[in-house]
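The values are calculated or read from the model by the stated rules, or taken from the named source; none is laboratory data. Since we're looking at a predicted model, the values are computed, not measured. Here Cβ is always computed from backbone atoms with ideal geometry, including for glycine, and neighbour counts include all displayed protein chains.
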Amino acid sequence: MRLILLGAPGAGKGTQATFIKEKFGIPQISTGDMLRAAVAAGTPLGLEAKAIMDAGGLVRDDIIIGLVKERIAQPDAANGFLFDGFPRTIPQAEAMIAAGVDIDYVVEIDVPDELIVERMAGRRVHTASGRTYHVRFNPPKVADTDDVTGEALVQRADDHEDTVRKRLQVYHDQTEVLVGFYGRMAAAGNAGAPRYIKVDGTQAVEKVRDDV
Ligand code: AP5
Ligand code: ZN
């Protein structure tokens, strides 16, 4: 199964990805996690991406498309995968179509902007695994500690309020158009077209999970 999780920054894509990848045994391919790993490792890609990410902008399409093509060619993606935070622009979506990558489901997690800033402010992450918590809405068993490894949780560098507002603006300018793009593909129902599912992301984490 090949699936795309679509939604604004902080909509809960990473949170729901954890459930989906376990249930279906497919890898989560998060371009954000891949970029953050490159930043942490200090690779040339990481050095280039860091300033863009910290400013809330988007990394260039050709770089992202190259990363994703390489990733989906790995053996663990042979039976499917879950895209989280990709595609984010029309050229990224078109690159997958051109590469013959048929998607089975596009799941949109819908959350209005006014809820997003609060979610980001309380977000804590386990960097190595990408596991995500919220101090109030999805707290770890022990404060500031990852449930699985016991390691420390941190805040993301791009979760400051002004950066979050910039990321939301970029989402509305460049990514939200994919809602219509995939919606029209699904409605046309041609061979290889995805099914489009919209979920109310304002509900509690478990309710969103059940709806997905
Ligand atoms: P990326 O890592 O993809 O970030 P994003 O899309 O901005 O999304 P987030 O990870 O912030 O949010 P999420 O939807 O995963 O929410 P989460 O589950 O964590 O991208 C980061 C940057 O990398 C981009 O800005 C860009 O620069 C670059 N980049 C990445 N991909 C790119 C691409 N394809 N092209 C170009 N550039 C790219 O949840 C958020 C918080 O809310 C958590 O604390 C969580 O616990 C809580 N929460 C979750 N669900 C609920 C709920 N139902 N109720 C209450 N709280 C909840
Ligand atoms: Zn995420």
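Count of the range 44-80 residues, restricted to those that are on the phi > 0 side of the Ramachandran plot and crowded, with 19+ Cβ neighbours inside 10 Å, is 1.
Per the conditions (1) out of contact with any strand residue (DSSP E or B) (no Cβ under 7 Å at 6 or more places or on another chain); (2) among the aliphatic types (A, V, I, L, M); (3) within 15 Å of residue 3 (Cα to Cα); (4) in contact (Cβ under 8 Å) with a residue 12 or more places away in the chain, the sole criterion not satisfied by residue 97 is (4). Looking across the range 104-144 at every residue that is loosely packed, with under 15 Cβ neighbours inside 10 Å and of a type in the set (Lys, Arg), the one that is farthest from residue 196 (Cα to Cα) is identified as 141.
Any residue at all in the range 112-133 that is within 14 Å of ligand 1 (Cβ to nearest atom), closer than 24 Å to residue 185 by Cα and within 15 Å of the chain's Cα centre (by Cα)? Taking every residue of the range 112-133 in turn, none turns out to be within 14 Å of ligand 1 (Cβ to nearest atom), closer than 24 Å to residue 185 by Cα and within 15 Å of the chain's Cα centre (by Cα).
In summary, residue 5 fulfils each of the numbered conditions (1) within 13 Å of ligand 2 (Cβ to nearest atom); (2) touching a Lys or Arg at 6+ places or on another chain (Cβ under 7 Å); (3) part of a loop (DSSP other than H, G, I, E, B) with the single exception of condition (3). Just one residue in the set 40, 77 is at pLDDT below 95 and more than 8 Å from ligand 1 (Cβ to nearest atom); that residue is 40. With the structure loaded, tell me whether residue 41 is in contact (Cβ under 8 Å) with a residue 24 or more places away in the chain, more than 15 Å from ligand 2 (Cβ to nearest atom), at negative phi and surrounded by fewer than 18 Cβ atoms within 10 Å (Cβ to Cβ) or whether it fails that test. So residue 41 does not fit the description; no. Would the range 12-27 turn up any residue that is touching a residue at least 12 places away in the same chain (Cβ under 8 Å), near ligand 1 (Cβ under 10 Å from one of its atoms), of a type in the set (Ser, Thr, Tyr) and over 18 Å from residue 163 (Cβ atoms)? Within the range 12-27 (the criterion being touching a residue at least 12 places away in the same chain (Cβ under 8 Å), near ligand 1 (Cβ under 10 Å from one of its atoms), of a type in the set (Ser, Thr, Tyr) and over 18 Å from residue 163 (Cβ atoms)), the answer is yes, since at least one residue qualifies. Residue pairs whose Cβ atoms lie under 7 Å apart, sitting 6 or more positions apart in sequence or on different chains, and linking a residue in the range 53-67 that is under 14 Å from residue 174 (Cβ atoms) to a partner that is more than 8 Å from ligand 1 (Cβ to nearest atom) and not β-branched (Val, Ile, Thr), are 56/166; 58/174; 61/91. In the range 131-145 there is no residue that is out of contact with any helix residue (DSSP H, G or I) (no Cβ under 7 Å at 6 or more places or on another chain), at pLDDT 95 or above, closer than 24 Å to residue 83 by Cβ and hydrophobic (A, V, I, L, M, F, W, C). The residues listed here are 154, 164; of these, the one that is more than 15 Å from residue 12 (Cα to Cα) and β-branched (Val, Ile, Thr) is 154.
Of all residues in the range 149-182, those being within 16 Å of the chain's Cα centre (by Cα), over 16 Å from residue 116 (Cβ atoms) and not aliphatic (A, V, I, L, M) number 1.
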